[in-house]
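Q: Quick one: structure below, then a few questions.
The values are calculated or read from the model by the stated rules, or taken from the named source; none is laboratory data. Small disclaimer: the values here were computed from a predicted structure and weren't measured. Methodologically, a virtual Cβ is constructed for each residue, glycine included, from the backbone with ideal geometry; neighbour enumeration extends over all protein chains shown.
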Amino acid sequence: MIRWEQKIDMLSFKKDYSIIHPSSINKFNKIPINKDHLLNLNLDKNNDVIVVCWGDCEEHILKVLGYLRNYLAESVFDYFQPNQFNFVWIQRFPLFVKNEESGKIESAHHPFTAPIPQHEEDLKNGINLDRIEAQHYDLVLNGEEIGGGSIRIHNAEMQEHVLTKILKIDSEPLKHLLEALQYGAPPHGGFALGLDRYIAILNARGDSKASIRNVIAFPKSASGKCYMTGSPTKPDESLLERYKLKIEEEDDEEFDSYER
């Protein structure tokens, strides 16, 4: 127990966690958890640990558990070994999520992502929106996302339904897209690879925490300054005149900080 307390205390987000000994199980009095079930689990009393997480937002609960899982895998169980390259495809992402502040439905990826065929009927009827899965996929290497993409909606009726009925978005600015889809666009999708992240992990012998700055030829500073070109700098007046541009400065301190 002391070992676990020490590990958790090292977490930067340790306020989200508490170590509770079985003798203090009454701390769960105000939480809908079967205490007897927890105490009677067939566990190795010396080594096994029960992780319980609760809250009003499922997304927050999953994030907290995910942070803890990754932390324990790295610092306690030492799961991540050098010279290992473990790839995995992540699928079954939700098509929609609820905005915590507004309570409105939003696209989890973007509003052009297609649902899986099995859930098209629910989408059409506007039901079980939180359970509809997207044709969205990510490629992960050693726990770090290195690429992702999706299959797009290629049906005009479905696309307009998602925009106007589900997301409550004005479809007028996308009228050209909806019109084009009416002519019979084939299924299409895409995938983007984060080459810098991928090369950084390869260069670090599988360490997914390696900084991508190590593989970028001319990385910028934390303030956005490029030491190779000296940018950003104030443009010459002749350039402004050539391109018919005008700069209205409110404060010169920002430019001064770059020059320093």
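Q: Within the group Glu160, Glu179, Glu121, which residue is touching a helix residue (DSSP H, G or I) at 6+ places or on another chain (Cβ under 7 Å) and in a helix (DSSP H, G or I)?
A: Working: Glu179 fails: touching a helix residue (DSSP H, G or I) at 6+ places or on another chain (Cβ under 7 Å); Glu121 fails: touching a helix residue (DSSP H, G or I) at 6+ places or on another chain (Cβ under 7 Å).
Residue meeting the stated conditions: Glu160.
Q: Hey, can you tell me all the residues within segment 159-170 that are buried (at least 16 other Cβ atoms within 10 Å of the Cβ) and either without any contact (Cβ under 8 Å) to a residue 40 or more places away in the chain or small (Gly, Ala, Ser) (or both)?
A: Glu160, His161
Q: Criterion first (of a type outside the set (Phe, Trp, Tyr) and either in contact with a strand residue (DSSP E or B) (Cβ under 7 Å, 6 or more places away or on another chain) or in the same structural domain as Glu74 (by TED's automatic domain parsing) (or both)) does Ile146 satisfy it?
A: Working: of a type outside the set (Phe, Trp, Tyr): yes; either in contact with a strand residue (DSSP E or B) (Cβ under 7 Å, 6 or more places away or on another chain) or in the same structural domain as Glu74 (by TED's automatic domain parsing) (or both): yes.
So Ile146 passes the test.
Q: What number of residues in segment 171-194 are surrounded by 16 or more Cβ atoms within 10 Å (Cβ to Cβ) and of a type in the set (Lys, Arg)?
A: Selection size over segment 171-194: 0.
Q: May I pose another question? Output the number of the condition that Thr233 fails; it satisfies all remaining conditions of (1) in the same structural domain as Phe93 (by TED's automatic domain parsing); (2) without any contact (Cβ under 8 Å) to a residue 60 or more places away in the chain.
A: (1)
Q: A follow-up question, please. Is it fair to say His188 is closer than 26 Å to Glu100 by Cα and either basic (Lys, Arg) or in contact (Cβ under 8 Å) with a residue 12 or more places away in the chain (or both)? Spell out how you get there, then give the answer.
A: Details: closer than 26 Å to Glu100 by Cα: no; either basic (Lys, Arg) or in contact (Cβ under 8 Å) with a residue 12 or more places away in the chain (or both): yes.
So His188 does not fit the description; no.
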